[in-house]
Amino acid sequence: MKEPHHLLRETLDGFHILKDEEFERFLAITQHQTFKKKSYLLHQGNYHSGIYFIISGAVGLYEFENGKENFLDFFLKKAFATDLESLSAQKVSKKNLRALSDCETFFIPRNSLLELYNVSHAFERLGRKMLEHIITEQHKFINVIKSLTPQEQYRYIERNRPELLQQVSLKHLASYLGLARETLSRIRAQK
């Protein structure tokens, strides 16, 4: 298994390649954190002050709707987990980020990242590319999924994000797709 900082470096290099000393400076602002299953990385009613880079485990983003958890996204290995609305507007979050399994992360504080932007254009470019990636990822998948029938949704996930089927419970996945758990169970059994 790759060292956590190597996973981060590999991911960041996909956005903008940093020199070794720039990466070390970036790494210096991160905080290595672990979370047990069911722990909150962000609880609604709080401000979201940074971005989590997922080294291992699964994190779910959800809000409560009519007393039920309504899952909006899942973040697995090498993903950036955040409530973008709370982070960018610095508003109290209406959403929760919760560990769906034991997780290992790097936390990237918003203020520290903004300070790096003043140090070098490389950090500014990296931050912009990271933000574009986060926005694109959060909208791309759900927009495709919502246009499909329940059977097509399941097949699409099998083909494009099979790791969700391995790391996210049927209950949480059903919530994300807007289906009853029993419906998703039946679809899965039709294989």
DSSP-loop trypsin sites (Lys or Arg not before Pro) across segment 57-164, with at most 15 other Cβ within 10 angstrom: 78, 91, 94
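Which of 68/91; 36/68; 68/171; 37/140; 78/129; 37/171 have a Cα-Cα distance over 20 Å?
Working: 68/91 23 Å; 36/68 22 Å; 68/171 11 Å; 37/140 27 Å; 78/129 15 Å; 37/171 16 Å.
Result: 68/91; 36/68; 37/140 exceed 20 Å.
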Using a Förster distance of 30 Å, the FRET efficiency for residue 111-residue 13 (Cβ separation, nearest 0.05): 0.80
Amide H contacts of residue 41 (H built 1.01 Å from N, under 5 Å, at least 5 apart or other chain): 97, 98, 99
Size of charge dipole - the chain - debye, nearest 20, with Cβ of Lys, Arg +1 and Asp, Glu -1, no other charges: 760 debye
Rounded to whole Hz, the Karplus (6.51, -1.76, 1.60) HN-Hα couplings of segment 46-57, x for glycine and proline: 10, 7, 8, 10, x, 10, 9, 9, 7, 7, 7, x
Accessible area expressed per residue, the chain, with surrounding protein chains retained (probe 1.4 Å, Å²): 53 Å²
Other-chain or far-sequence residues with amide H under 5 Å of residue 46's (modelled H): 93
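Using the Cβ atoms and a cut-off under 12 Å, what net charge is assigned to the surroundings of residue 92, where Lys and Arg are +1 and Asp and Glu are -1? Mind dumping the intermediate values first?
Working: positive: 91, 94, 95; negative: 83, 85.
Net charge around residue 92: +1.
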The chain - mean residue ellipticity at 222 nm from DSSP helices (-39,500 (n - 2.57) per run, n ≥ 4, rounded to 500): -14500 deg cm²/dmol
Local net charge near residue 64, Cβ-Cβ under 10 Å (Lys/Arg +1, Asp/Glu -1): 0
Karplus-derived 3J(HN,Hα), 6.51/-1.76/1.60, for each residue of segment 127-135, Hz, glycine and proline x: x, 5, 5, 4, 4, 4, 5, 4, 4
Share of carbon and sulfur in the accessible heavy-atom surface of segment 75-191 [1.4 Å probe, %]: 49 percent
Of 45, 58, 23, farthest towards positive along the dipole that unit charges on Lys, Arg, Asp, Glu beta carbons give segment 1-82: 58
Under Karplus coefficients 6.51, -1.76 and 1.60, residue-wise ³J(HN,Hα) of segment 169-175 in Hz, glycine/proline x: 5, 4, 4, 5, 5, 4, 4
Cα-based reach from residue 77 at 20 Å (exclusive), listing aspartates and glutamates while leaving out same-chain residues under 8 positions away: 3, 10, 13, 102, 104, 132, 137, 158, 163
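All other residues with a Cβ under 14 Å from the Cβ of residue 103 taken together, and with Lys, Arg as +1 and Asp, Glu as -1, what is their net charge? Don't skip to the end; give the middle numbers.
Details: positive: 36, 37, 38, 77, 78, 98; negative: 102, 104.
Cβ neighbours under 14 Å give a net charge of +4.
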Modelled FRET efficiency - R0 45 Å, residue 91 with residue 185, Cβ distances, 0.05 increments: 0.75
Charge dipole magnitude, Cβ of K and R +1, D and E -1 - segment 1-57, Cα centre, debye nearest 20: 460 debye
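The values are calculated or read from the model by the stated rules, or taken from the named source; none is laboratory data. The structure displayed is predicted, hence computed values, not measured ones. Quick reminder, even Gly has a Cβ in these numbers, built from the backbone with ideal geometry, and neighbours come from all protein chains shown. These area figures cover heavy atoms from the full protein model, side chains too; ligands, DNA and RNA do not enter into them. Shrake-Rupley method; radii C 1.70, N 1.55, O 1.52, S 1.80 Å.
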